Every structure is written in C-alpha cells, then in structure tokens.
1. Based on this model, can you work out whether residue 184 counts as at pLDDT 95 or above, aromatic (Phe, Trp, Tyr) and on the phi < 0 side of the Ramachandran plot?
2. Output yes when any residue across the stretch 120-129 is surrounded by 21 or more Cβ atoms within 10 Å (Cβ to Cβ), in contact with a Leu (Cβ under 7 Å, 6 or more places away or on another chain) and acidic (Asp, Glu), and no when none is.
3. Which of the residues that make up the stretch 38-61 are farther than 18 Å from residue 91 by Cβ, in contact (Cβ under 8 Å) with a residue 24 or more places away in the chain and under 20 Å from the mean Cα position of the chain (by Cα)?
4. Of these, 172, 141, which one is assigned to a loop (DSSP other than H, G, I, E, B), among the basic types (Lys, Arg) and either buried (at least 21 other Cβ atoms within 10 Å of the Cβ) or in contact (Cβ under 8 Å) with a residue 24 or more places away in the chain (or both)?
5. Which one is modelled with the lowest pLDDT, of the residues in the stretch 43-58 that are within 25 Å of residue 102 (Cβ to Cβ) and surrounded by 14 or more Cβ atoms within 10 Å (Cβ to Cβ)?
6. Under 7 Å between Cβ atoms, which residue pairs at least 6 apart in sequence (or on different chains) link something in the stretch 62-91 that is under 14 Å from residue 2 (Cα atoms) with a partner that is of a type in the set (Ser, Thr, Tyr) and surrounded by 13 or more Cβ atoms within 10 Å (Cβ to Cβ)?
7. Only one of (1) part of a strand (DSSP E or B); (2) out of contact with any Phe, Trp or Tyr (no Cβ under 8 Å at 6 or more places or on another chain); (3) at pLDDT below 95 fails for residue 66. Which number is that?
8. If I filter the stretch 5-34 down to residues being modelled with pLDDT of 75 or more and of a type in the set (S, T, N, Q), which single residue comes out as farthest from residue 163 (Cα to Cα)?
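The values are calculated or read from the model by the stated rules, or taken from the named source; none is laboratory data. What you see is a predicted model; the values in this text were computed from it and never measured. When we count neighbours, we look across all protein chains shown, and the Cβ atoms used for this are built from the backbone with ideal geometry, even at glycine.
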Amino acid sequence: MRVAVTGTPGTGKTTATDALAARAAADDSPSDRLSVGDSTLKIVHLNEVLEDEALYTEVDEDRQSKVADMDALEAWLEGRDDVLIESHLAHHFAADRVAVLRCEPETLETRLTDRGETAAKASENAESEALDVILGEAVDRHGLESVYEIDTTNRTPEEVASALEAVVTGEREPSAGEVDFVGYLA
C-alpha cells in the first residue's frame, strides 16, 4: 500500500505524520514506521529526500525554494511500496490513498509567517489553499474515490494524526470538496 499525505505548506503534514510516528514509537515500533493491520508502512518525508539526495533542478531565488526534479523523485520512489509519503508534492506520485490536509487561509498565512516565511510567500500559499489547488491536482491524478480531505484548522496534531490513521486503515470514507475556503478571496 502507498499513502500520500499532501497539502499546501503549513497545513500540518509533517506535524501530523510525526504524531503518527510517535504513536508507533510508543508501541515499540521503529519511529519511521506505522503498523497498519498486517502491514507496516515506512514514513517518507519527501522534502528531506529531495534535500538529502539533491533531487532538485535549481533554486528559485524569488521564492527561496528548490525546484523539485519530479522525474528523479519518481525514480527514487520506484519500487518503494508500503510507504506513507509526506510532502506538498506527494499527490504527484502513485498512491492508493491520498490525504489532502487543508487549513483556513488566514490561519495558514499566520502559521507560515510565524515559522519565518515571507509575507509574499505566505499570501501566495493562502491563495493557493483558497483555490483548492492541491486538492484539485490530487483529484485529477487519483480520482474522487482515492482522495480524503482533512481540515486541520481547529484540530490538534493528535486529532489530525487520528484522521490520517483512519485513512490509512480504511476506516474513513473518501471525501473531496467538503472544505470551502473560496470566501477568503472576496
């Protein structure tokens, strides 16, 4: 099984998957693995792979970010099954289930500026969230039957981790289009 955890930067992907990893560690499992039924998923933080393996084509100075080499990332993921892939890029790759974390744009903007992002980058990401950019890409690539939308705005990391766990175990039904932040753009 391959599960993608994606969403606009600042929606809580890393925090939620780290909370899942902490649960695994509490069960005496390795901290980078998640036990699910009869299988175990390795947690892959794709942005760390991009950085550690230098799988980017250039650095975008205006956005202060690396431009991912999507072909190289896909090649790196090839043959890696039983993984939970966490990244704002995760939905671009083959997956059985895709959890799209969402956050109210004003809250998202605050989260991003609080962690040191520029006001321009935070605003760009908030607009992207309001326009459902990542959700739309995930549905286009994987279909409605494989996408699970999770609003993280007023949830603790542990609550988001529980929602993710329900996606992984199949205890949650697919959902997409239930969260609406377009009013932010008005």
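1. When the stated conditions are applied, residue 184 does not pass them.
2. yes
3. Result: 40, 42.
4. From the options 172, 141, the qualifying one is 172.
5. 43
6. 82/40; 84/17; 86/14; 86/17; 87/6; 90/6; 91/6
7. The number of the failed condition is (2).
8. 8
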